[in-house]
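Peer 1: Questions regarding the structure given below will be posed in turn.
The values are calculated or read from the model by the stated rules, or taken from the named source; none is laboratory data. Keep in mind the model is a prediction, meaning the values are calculated, not measured. As a convention, Cβ positions derive from the backbone with ideal geometry for all residues, glycine included, and neighbour counts pool all protein chains shown.
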Amino acid sequence: MRQLNALGWMHNRLRMITASFLVKDLLIDWRDGESYFMQQLIDGDLAANNGGWQWAASTGTDAAPYFRTFNPTTQGERFDPQGAFIRHYLPELAEVPDSDINQPQLWAAKNHKKLDYPPPIVEHKSARKKTLDAFERAKSAA
Ligand SMILES: Cc1cc2nc3c(=O)[nH]c(=O)nc-3n(C[C@H](O)[C@H](O)[C@H](O)COP(=O)(O)OP(=O)(O)OC[C@H]3O[C@@H](n4cnc5c(N)ncnc54)[C@H](O)[C@@H]3O)c2cc1C
């Protein structure tokens, strides 16, 4: 989000992770994210942005299956293992070692450090389950 706010641009993977987090970890209406992206993106485009958000929310015509949810931590571990990108936008995490950069709060707790960075606002595993249950309920109701 800091990159989006600073540059008006994010790589496609980050757009997918961000959209998935808002919709499937926080259970927030995809239209809120879609409209914020549209305000910020320099390449904001109705079809690509709206389609991207609906893909992530599993409501679009080419939607990702509803059970597909991005895990932001493992995405970071796979695509930013040394935390080069994270460190650029989150200088508060400068002293966290590469091996822990994607879970800084665990490192802080283990090493009795105080980070100037908020703890996670949701627990991914239980948030994912809550979302899957909501989709299951919607399917049964239909
Ligand atoms: C939630 C979300 C919102 C998005 N909003 C926009 C938007 O407002 N405007 C926009 O142009 N793109 C949007 N995209 C698509 C994609 O993120 C950007 O086109 C891509 O980041 C552009 O990066 P690039 O120029 O390095 O292209 P590359 O990743 O190198 O790809 C080459 C070209 O392919 C096209 N492309 C790549 N990924 C996608 C994709 N997922 N969907 C459609 N076309 C793609 C682009 O035209 C791009 O120029 C969105 C994707 C998501 C998941």
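Peer 1: When you go through Phe21, Phe79, Phe85 one by one, which is the residue that is aromatic (Phe, Trp, Tyr) and either in contact with a Leu (Cβ under 8 Å, 6 or more places away or on another chain) or within 12 Å of the ligand (Cβ to nearest atom) (or both)?
Peer 2: From the options Phe21, Phe79, Phe85, the qualifying one is Phe21.
Peer 1: Looking at Arg87, Arg128, which one is within 21 Å of Met16 (Cα to Cα), surrounded by 15 or more Cβ atoms within 10 Å (Cβ to Cβ), without any contact (Cβ under 8 Å) to a residue 40 or more places away in the chain and not hydrophobic (A, V, I, L, M, F, W, C)?
Peer 2: None of the others qualify; the one that does is Arg87.
Peer 1: Another question, if that's okay. Checking the structure you have, find out if any residue of region 57-68 is at pLDDT below 95, among the basic types (Lys, Arg) and more than 9 Å from the ligand (Cβ to nearest atom).
Peer 2: Yes, some residue in region 57-68 is at pLDDT below 95, among the basic types (Lys, Arg) and more than 9 Å from the ligand (Cβ to nearest atom).
Peer 1: Just to be sure I understand, how many residues within region 33-49 are assigned to a helix (DSSP H, G or I) and within 19 Å of Gln3 (Cβ to Cβ)?
Peer 2: Residues in region 33-49 being assigned to a helix (DSSP H, G or I) and within 19 Å of Gln3 (Cβ to Cβ): 10 in total.
Peer 1: Scan (1) more than 15 Å from the ligand (Cβ to nearest atom); (2) surrounded by fewer than 18 Cβ atoms within 10 Å (Cβ to Cβ); (3) in a loop (DSSP other than H, G, I, E, B) for the single condition Glu92 breaks and write down its number.
Peer 2: Going through the list (1) more than 15 Å from the ligand (Cβ to nearest atom); (2) surrounded by fewer than 18 Cβ atoms within 10 Å (Cβ to Cβ); (3) in a loop (DSSP other than H, G, I, E, B), Glu92 breaks only (3).
Peer 1: Looking at (1) within 17 Å of Ala134 (Cβ to Cβ); (2) more than 10 Å from the ligand (Cβ to nearest atom); (3) hydrophobic (A, V, I, L, M, F, W, C); (4) surrounded by 14 or more Cβ atoms within 10 Å (Cβ to Cβ), which one does Leu4 not meet, given that it meets all the others?
Peer 2: Only one criterion in (1) within 17 Å of Ala134 (Cβ to Cβ); (2) more than 10 Å from the ligand (Cβ to nearest atom); (3) hydrophobic (A, V, I, L, M, F, W, C); (4) surrounded by 14 or more Cβ atoms within 10 Å (Cβ to Cβ) is unmet by Leu4, namely (1).
Peer 1: Which condition number in (1) over 16 Å from Thr131 (Cα atoms); (2) in a loop (DSSP other than H, G, I, E, B); (3) not charged (D, E, K, R) is the one that Gly52 fails?
Peer 2: (2)
Peer 1: Moving on. Within region 37-50, can one find any residue that is more than 10 Å from the ligand (Cβ to nearest atom), of a type outside the set (D, E, K, R) and over 13 Å from the mean Cα position of the chain (by Cα)?
Peer 2: For region 37-50, residues more than 10 Å from the ligand (Cβ to nearest atom), of a type outside the set (D, E, K, R) and over 13 Å from the mean Cα position of the chain (by Cα): present.
Peer 1: How do the pairs read when you match residues in region 46-63 that are touching a residue at least 40 places away in the same chain (Cβ under 8 Å) and surrounded by 14 or more Cβ atoms within 10 Å (Cβ to Cβ) with residues anywhere that are of a type outside the set (A, V, I, L, M) and outside any helix (DSSP H, G or I), using Cβ under 6 Å and keeping only pairs 6 or more apart or on different chains?
Peer 2: Listed by first residue and then by second, the contacts come to Ser58/Tyr66.
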